[in-house]
Amino acid sequence: HEFAEHVQEPGAIGLRVVGVHEQGSTYINDGGHLNRSSISASLDVKLSDTFTFLADALYQDRKTDGVIYAVFLPAPQSPETLIPVPDPISGHTNLSETGSYYNDQAFIGTVGLDANIASGWKANLSYRYVDMSDWFREGGVDISNADGDYTLTEYNARQIYRSNQVQALLIGQFDTGPLSHDVTFGASWQRFDNFEDFEG
């Protein structure tokens, strides 16, 4: 957390909202498509000369069609089984299976309180929640020989990541004789959960 310049008068409210939409074809021929939307908002409220309430949030939804996980060369069992690297193909070539996609959604929200507790001293207490999920149907391409023959293994999965974080900061300045000190004290707690449903 960094202390920003907030609205100055008690009772004043500052609000900013930003929306973004993006869609179109990707570099992949015949099937590559992207659709992404996001919205974010930031709010601060000057409760008094001492306290400022803060909140911000971001939500994003993104889907890409015509995707693959990766391309793998076979691991040699001996020098005799080492195959030459196949000739390169265009990066626009669609190696994905029909109906492949990758969809992810994300939400990040934070609320906090800034306090001017004394001359040269500020404090902040904040809580942040993050929820990210993705689900996909995509394949891994395994190269079989130097001619470029390959097999594709399809994967279907749903993954969810959630975290909760609480953070407290104390930032101040003080002098000891000719020396001036800038100090920061802080503590945080975080919990992270991960859920997966996967098949290949």
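Can you spot a residue in segment 30-45 that is under 30 Å from ALA168 (Cβ atoms), in contact with a Ser or Thr (Cβ under 9 Å, 6 or more places away or on another chain) and open to solvent by less than 40 Å² (accessible area, probe 1.4 Å)?
Scanning segment 30-45 turns up at least one residue that is under 30 Å from ALA168 (Cβ atoms), in contact with a Ser or Thr (Cβ under 9 Å, 6 or more places away or on another chain) and open to solvent by less than 40 Å² (accessible area, probe 1.4 Å).
Report yes if SER48 is at pLDDT 85 or above, closer than 30 Å to GLU9 by Cα and either touching a Cys at 6+ places or on another chain (Cβ under 7 Å) or among the polar types (S, T, N, Q) (or both), otherwise no.
yes
Scanning for something exposed (fewer than 15 other Cβ atoms within 10 Å of the Cβ) and not charged (D, E, K, R), does segment 130-143 turn up at least one residue?
No, every residue in segment 130-143 fails to be exposed (fewer than 15 other Cβ atoms within 10 Å of the Cβ) and not charged (D, E, K, R).
Being touching a residue at least 24 places away in the same chain (Cβ under 8 Å) and in contact with a Phe, Trp or Tyr (Cβ under 9 Å, 6 or more places away or on another chain) narrows it down to one residue among THR64, THR52, THR93; which is it?
Being touching a residue at least 24 places away in the same chain (Cβ under 8 Å) and in contact with a Phe, Trp or Tyr (Cβ under 9 Å, 6 or more places away or on another chain) holds for just one of THR64, THR52, THR93, which is THR64.
Here's the yes/no breakdown for (1) open to solvent by 50 Å² or more (accessible area, probe 1.4 Å); (2) farther than 18 Å from ALA75 by Cβ; (3) modelled with pLDDT of 95 or more:
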residue	(1), (2), (3)
ASP147	yes, yes, no
ASN164	no, yes, yes
GLY172	no, yes, no
HIS181	yes, yes, no
GLY186	yes, yes, yes
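Yes or no: LEU125 open to solvent by 50 Å² or more (accessible area, probe 1.4 Å), closer than 18 Å to THR93 by Cα and aliphatic (A, V, I, L, M)?
no
Give me the strands (runs of 3 or more DSSP E) completely within segment 48-120, filtered to those with at least 2 residues that are open to solvent by 50 Å² or more (accessible area, probe 1.4 Å) and among the basic types (Lys, Arg), ordered by residue number.
51-65
The values are calculated or read from the model by the stated rules, or taken from the named source; none is laboratory data. Note that the coordinates shown come from a computational prediction; the quantities given were computed from them, not determined experimentally. Cβ atoms come from the backbone with ideal geometry, glycine included; neighbour counts cover every protein chain shown. Protein only, heavy atoms only, side chains kept; ligands, DNA and RNA dropped before computing areas. Shrake-Rupley method; radii C 1.70, N 1.55, O 1.52, S 1.80 Å.
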